1. Filter the stretch 115-157 for residues that are touching a helix residue (DSSP H, G or I) at 6+ places or on another chain (Cβ under 8 Å), in a helix (DSSP H, G or I), farther than 18 Å from residue 64 by Cβ and touching a residue at least 60 places away in the same chain (Cβ under 8 Å) and give the result.
2. Pairs needed: first member in the stretch 34-52, on the phi > 0 side of the Ramachandran plot and in contact (Cβ under 8 Å) with a residue 24 or more places away in the chain; second member anywhere, surrounded by 17 or more Cβ atoms within 10 Å (Cβ to Cβ) and in a helix (DSSP H, G or I); C-beta distance under 8 Å; at least 6 residues apart or different chains.
3. Residue by residue through the stretch 14-37, note down the ones that are closer than 22 Å to residue 84 by Cα and part of a loop (DSSP other than H, G, I, E, B).
4. Condition first: in a loop (DSSP other than H, G, I, E, B), over 21 Å from residue 123 (Cβ atoms), modelled with pLDDT of 95 or more and more than 16 Å from the ligand (Cβ to nearest atom). Can you find one or more residues in the stretch 63-70 that meet it?
5. Failed condition for residue 95, given (1) closer than 19 Å to residue 127 by Cα; (2) surrounded by fewer than 17 Cβ atoms within 10 Å (Cβ to Cβ); (3) in contact with a helix residue (DSSP H, G or I) (Cβ under 6 Å, 6 or more places away or on another chain), with all others met?
6. Tell me which of these residue 30 doesn't satisfy, since it passes every other one: (1) more than 15 Å from the chain's Cα centre (by Cα); (2) closer than 19 Å to residue 131 by Cβ; (3) surrounded by 15 or more Cβ atoms within 10 Å (Cβ to Cβ).
7. I need a count of the residues in the stretch 71-104 that are under 17 Å from residue 138 (Cα atoms), under 11 Å from the mean Cα position of the chain (by Cα) and part of a loop (DSSP other than H, G, I, E, B).
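The values are calculated or read from the model by the stated rules, or taken from the named source; none is laboratory data. Bear in mind that the values here come from a model prediction, so they are computed numbers and not experimental data. Methodologically, a virtual Cβ is constructed for each residue, glycine included, from the backbone with ideal geometry; neighbour enumeration extends over all protein chains shown.
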Ligand code: RB5
């Protein structure tokens, strides 16, 4: 699948919807497939409701990547990382965004709508989408995170 064909799920709360809408317009212009779970306006909503929908869409393979925006990006990151298989990274600059892909294979990008402006948000998103996972020693480390998750699920299931 080429980069331009990636499917990206979007979610935001009232503090992130404006940045989300701006990034959505760019994604659509650039040819990405977009699945927008909202929110679509300034009415107060709860960020975990949107984080759950986006993270689940990524986790089950309905989309390739997720983008979440709340006021700081912190709540969205915490919530998304509760979903199995999700590696959500909160990024406020391009370098962190690149590293989150290259070293951590992040599959969800979180942004702070009250901290990150449109141009910076766009630069971060583009870098994040266009950077590949480096694999190698980084894959061994990411595998350890996945193993932590599997161990926790086994412990919960009592198996
Ligand atoms: C909403 O006021 C705010 O708490 C939310 O957008 C986010 O920043 C939470 O982490």
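1. The answer is 118, 121, 122.
2. Sorted first by the residue in the stretch 34-52, then by its partner, the pairs are 38/17; 38/50.
3. Listed by number, the list holds a single entry, 37.
4. Yes: the stretch 63-70 contains one or more residues that are in a loop (DSSP other than H, G, I, E, B), over 21 Å from residue 123 (Cβ atoms), modelled with pLDDT of 95 or more and more than 16 Å from the ligand (Cβ to nearest atom).
5. Going through the list (1) closer than 19 Å to residue 127 by Cα; (2) surrounded by fewer than 17 Cβ atoms within 10 Å (Cβ to Cβ); (3) in contact with a helix residue (DSSP H, G or I) (Cβ under 6 Å, 6 or more places away or on another chain), residue 95 breaks only (3).
6. In the conditions (1) more than 15 Å from the chain's Cα centre (by Cα); (2) closer than 19 Å to residue 131 by Cβ; (3) surrounded by 15 or more Cβ atoms within 10 Å (Cβ to Cβ), residue 30 misses (3) alone.
7. Residues meeting the conditions: 2.
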